[in-house]
1. For the chain, compute Rh as the Kirkwood radius over C-alpha pairs and then the Stokes-Einstein diffusion coefficient at 10 °C and 1.306 mPa s; write the answer in µm²/s, rounded to an integer.
2. Quick one: R49, R156, fewest Cβ neighbours within 10 Å first, how do they rank?
3. How long is the gain from R282 to E57 if the chain were fully straight, where each residue apart is worth 0.36 nm and the alpha carbon distance is subtracted?
4. Can you grab the distance from the C-alpha centre of segment 64-87 to the C-alpha centre of segment 179-216, Å, no decimals?
5. Residue by residue through segment 81-87, what is 3J(HN,Hα) from phi via Karplus (6.51 cos²θ - 1.76 cosθ + 1.60, θ = phi - 60°)? Round to whole Hz and write x for glycine and proline.
6. Suppose each label sits 7 Å from its Cα in the direction of the beta carbon; what would the A198-S146 distance come out to in nanometres?
Amino acid sequence: MTPRSSGQWASGEPGREPLVDVLIPSYGRPGELAVTLSGLAAQEGVPFRVVVSDQSEGDDLPFDQSAVRAMVRVLRAQGRTVQLERHLPRRGLAEQRSFLLSLASAPSVLFLDNDVWLEPGSLERMSRALRRAGCGFIGSAVQGLSYLDDSRPDERTTLSLWPDDVVTPERIREGTEGFERWPLHNAANLAHAALELAIPPGEWRLYRVAWVGGCVLFDRQALLDVGGFDFWDRLPAEHAGEDVAVQWRVMERFGGAGIIPSGAVHLEAPTTVTDRGTDAARVILGQ
C-alpha cells in the first residue's frame, strides 16, 4: 500500500489536529479487533486518532496478531495516529474507560467496542450530527445483522424522533417512560426502522434513547463536566452498566440522542462481560 500524501486526503489529513479521538477498550478477541480497525480505516471526512487500551493477559496478545498489526499499519499509512496501550491490572470497565478518556485531547471522543464494524461514512455522519444538535452525545446503536429477517415492529413502538433534530436534556432512570425505549436496540430493529423511515442517502434522523451501547460519540467537555468515569473506584472490578451511568448523567445536563441509520454492526461475538451482578448505574446513581 502506498502511503497517501496530505494532498490526497479529502479530510485534510495528515497535518490537522484530530477532531475525534476513537477510544477502544479491548480484552481478548484479536480477530474482532482487527475487523473494528478495518472499519475505521474506511472512514473519511473527519480527522481522527485511534487509541486502543488492551487488557488481555498471557502470551497470546491481540497487538501481536498479524491481522491487528496489518490494520494498524494501514491506519498509520493513511496518516492517522494509532496509539496502542497495555493497561493492567484489570480494575473493571469503568476504570478502563476512565484511563482511555485521560489520554484523549480531541473535541469529541468516540467510545467504540472492539467487536463493532463501522460502515464507511459513519464517523463523519455522527460528527456532523453532534455539531448540529449541540448535545452531549450521539450514539450509533450496534445492529446484529443475523436478525435482518427477524422484524420486530412491537419493539419499535417507542421510537420517537427529535423534532428538527433539536435534542434537549432529559432524565432517564429505571421506571421512567424513557427507560422503556431499551428494546429499540435489540436485534436489527434500527435497520428495519431506517427502511421504514426511507431516509435519503447521506441524511439522518435523531431519536430519543434509553441508552446506547457499543458506539457513542461524546462531546468531550460535556463528558468531563459530568465527571467522566471518575466513579470507577466505587465499583468492584466485575460490573456492567458503567456506560449507562455516564450517558444518563450527560443526558440530564446536555441531552443525548441515537442516530438513524446506524452504521455500527455488531460482530455478535460472545461477550467478555460475564459477571453482571453489579449494575453501575444503580450503584452510582443511587437506584
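A short reminder: the numbers here are calculations on the coordinates, not readings from a lab. Owing to the predicted nature of the structure, the values given are computational and were not obtained by experimental measurement. For neighbour counting, all protein chains shown are included, and Cβ atoms are generated from backbone atoms with ideal geometry for every residue, glycine included.
1. Working: Rh = 19.2 Å.
In µm²/s, the coefficient is 83.
2. Values: R49 21, R156 17.
Least crowded to most crowded, the residues run R156, R49.
3. Values: separation 225, 0.36 × 225 = 81.00 nm, distance 2.95 nm.
Between R282 and E57, full extension yields an extra 78.0 nm.
4. 30 Å
5. 7, 10, 10, 10, 10, 9, 10
6. 3.4 nm
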